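The values are calculated or read from the model by the stated rules, or taken from the named source; none is laboratory data. On a predicted model such as this, the values are computed, not experimentally measured, just so you know. Ideal geometry is used to build each Cβ from the backbone, glycine not excepted, and the neighbour counts take in all protein chains shown. Just the protein is used for accessible areas: all its heavy atoms, side chains included, with ligands, DNA and RNA removed. Shrake-Rupley method; radii C 1.70, N 1.55, O 1.52, S 1.80 Å.
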Amino acid sequence: ARISASSKFSILTTTRAAIGQAHTSLQWRALKYAAAFILPAFTALSFSFSGWLTWLPVAFGFVFLPVMEFVLGENPANLGKAEAALAEKDPLYDFLLYLTAPVQWALLIWFFTVIGDSSATVTDMLGRIFSMGIMCGVYGINVAHELGHRPGKTEQLLSKAMLLSSLYMHFFIEHNRGHHRNVATPEDPATARRGESIYRFWVRTVVCSVRSAWQIVARERARKRLPLWSPGNEFLQYIAIEAVLCTAILWWFGPWVLLWFFCAALMGILLLESVNYIEHYGLMRRKRDGALYEDVNPGHSWNSDYVLGRLVLFELTRHSDHHTFPARHYQCLESVQGAQQLPAGYPAMILLSFVPPLWFRVMDARLQPSAENRRG
């Protein structure tokens with residue numbers, strides 16, 4: 001039967017209204033990621049006041065979040081295909097992500113001005129260094145990780161700027177062109193071996209990640225028949241940019257502020273590598289035909305669906321899907337079948353990893369059912 005013009009108009013109007021309502025709903029959903037700005041707000045309080053308030057970001061990250069994630073639990077729900085398509089095009093999600101860059105640099109410059117305060121107590125100084133260190137890890141490197149997977153030049157520039165704030169610019173090379181190719185193999189510095197403590201992992205991954213980034217650039221330049229030691233070397237460019245920043249800090253703020261910045265950046269680096277530790281601990285890909293490794297699948301990363309961690313970390317905790325689809329925007333990442341599930345959220349798991357015997361007892365038991373076919 002033919003559909004009348006009025007009926008067609010009615011159907012079209014209803015469809016448009018439904019799409020409009022869905023888009024409005026998704027925009028409200030996007031605002032939940034504003035929770036990620038609680039941490040910089042507490043960091044601002046840390047820089048503004050003295051006493052216990054200087055430790056607010058630490059308390060938020062490693063006391064409040066673990067407790068609340070235990071209370072609120074997990075949410076494995078995913079967006080539908082239509083919702084995901086709308087969310088990927090919604091500029092609000094990107095705006096919240098981009099906003100982190102000026103926030104991070106504003107707090108870093110503020111840190112330079114307050115950490116040299118001679119009237120501050122040792123406790124206040126430590127609280128502010130730890131606060132900036134958490135910002136360097138959660139914002140400086142984590143958000144840079146998300147932006148670094150975007151193809152746009154502006155987004156990649158923002159990624160490098162964020163990494164610069166933590167003196168970890170080689171991550172841009174090693175993560176995108178090394179880690180994602182070698183994950184869950186002995187060749188990957190960011191994959192923790194079964195039975196390896198986080199303290200041994202820290203040393204190995206930091207040293208080997210720098211070496212891996214250098215080797216990646218060296219191979220690429222050799223393949224293109226370009227000189228290794230030249231201004232066009234990406235790795236050397238990043239080292240030079242970091243050296244310029246450190247020189248500027250030394251010139252304007254003095255050696256002590258530079259030292260405290262090194263401490264904060266190191267804390268951010270170790271926080272990021274702690275996340276790498278819990279994301280890939282003990283999961284290894286098998287070799288096919290004795291040479292090539294099997295393709296990466298969701299079972300090669302640990303996943304976490306605990307709600308607050310997902311929001312504060314821009315869905316980094318849905319890491320299994322990220323490794324399966326690295327270009328997928330954070331708001332569209334899914335909880336997938338076949339992923340290894342962490343027993344708690346990221347903050348609690350990081351705290352657990354600091355006690356290796358307890359970590360091995362909890363995690364090795366979870367590895368046992370799949371360990372035999374995950375070991376390389």
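Among the numbered conditions (1) open to solvent by less than 20 Å² (accessible area, probe 1.4 Å); (2) at pLDDT below 95, the only one that Ala265 does not meet is (2).
Cβ-Cβ distances below 9 Å connect the following pairs, each with a first residue in segment 349-369 that is touching a residue at least 12 places away in the same chain (Cβ under 8 Å) and of a type in the set (D, E, K, R), a second residue that is part of a helix (DSSP H, G or I) and open to solvent by less than 60 Å² (accessible area, probe 1.4 Å), and a separation of six or more residues or different chains: Asp364/Ala371. A count restricted to segment 154-171 and to residues that are closer than 20 Å to Ser209 by Cβ, free of Cβ contacts under 8 Å to residues at least 40 places away in the same chain and among the hydroxyl-bearing types (Ser, Thr, Tyr) stands at 1.
Among the residues of segment 90-139, those that are assigned to a helix (DSSP H, G or I), polar (S, T, N, Q) and open to solvent by 10 Å² or more (accessible area, probe 1.4 Å) comprise Thr113, Thr123.
Scanning segment 49-89 for residues that are surrounded by 17 or more Cβ atoms within 10 Å (Cβ to Cβ) and part of a loop (DSSP other than H, G, I, E, B) turns up just one, Leu79.
Selection of segment 300-328 for residues being under 18 Å from His180 (Cβ atoms), surrounded by fewer than 21 Cβ atoms within 10 Å (Cβ to Cβ) and more than 13 Å from the chain's Cα centre (by Cα) yields Asp321, Thr324, Phe325, Ala327, Arg328.
The residues of segment 173-210 that are more than 24 Å from His149 (Cα to Cα), open to solvent by 10 Å² or more (accessible area, probe 1.4 Å) and of a type in the set (Val, Ile, Thr) amount to a single one, Val203.
Per the conditions (1) basic (Lys, Arg); (2) under 23 Å from Asp188 (Cβ atoms); (3) part of a helix (DSSP H, G or I), the sole criterion not satisfied by Arg310 is (2). Of all the criteria given as (1) of a type outside the set (Val, Ile, Thr); (2) within 27 Å of His180 (Cβ to Cβ); (3) crowded, with 17+ Cβ neighbours inside 10 Å, the one not satisfied by Leu258 is (2).
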